[in-house]
1. Starting from the Cα gyration tensor of segment 1-77, take the square roots of the eigenvalues, sort them a ≥ b ≥ c, and report rounded, prolate or oblate (rounded when a/c is under 1.5, otherwise prolate if a/b is larger than b/c, else oblate).
2. At 0.36 nm per residue, and after removing the present C-alpha to C-alpha distance, how many nm does the segment from A56 to V10 gain when stretched out fully?
3. Based on the Cβ-Cβ distance of D20 and R71, what FRET efficiency does E = 1/(1 + (r/R0)^6) give at R0 = 22 Å, to the nearest 0.05?
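Derivation of every value follows stated rules applied to the coordinates shown; laboratory data play no part. Since this is a predicted model, take the numbers as computed values, not measurements. Ideal geometry is used to build each Cβ from the backbone, glycine not excepted, and the neighbour counts take in all protein chains shown.
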Amino acid sequence: MLTVASDIEVLARFGRALADPIRCRILLALRAAPAHPADLAGALGISRTRLSNHLACLRDCGLVVAVPVGRRSRYELADPRLGHALDDLRTAVVAVETDRSCPDAGEKGCC
């Protein structure tokens, strides 16, 4: 059963999806064109198992869908507007102070 997620749920799901660099690369690849998992794995240089785990996360987040094509599945963005959203996020100016990082940067490997 499909339900409509609240604005906060949508943003949280999008954030969870974007929290991993591989998932970001998958979304950007699918922004360019739908693809079969084997082709995505080869293009991204990752194993099919690893790709499958990330695709499952992106499906659970509601950002990608699997479209049956014969005995195979092709993946694409769930909504074409997601491609525009990715472009907007990618080109947004993020204000970062160069002399600062978050307090957990060393421990968490962020910033």
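1. Note, shape of segment 1-77 comes out oblate.
2. The A56-V10 span can extend by a further 14.9 nm.
3. The computed FRET efficiency comes out at 0.15.
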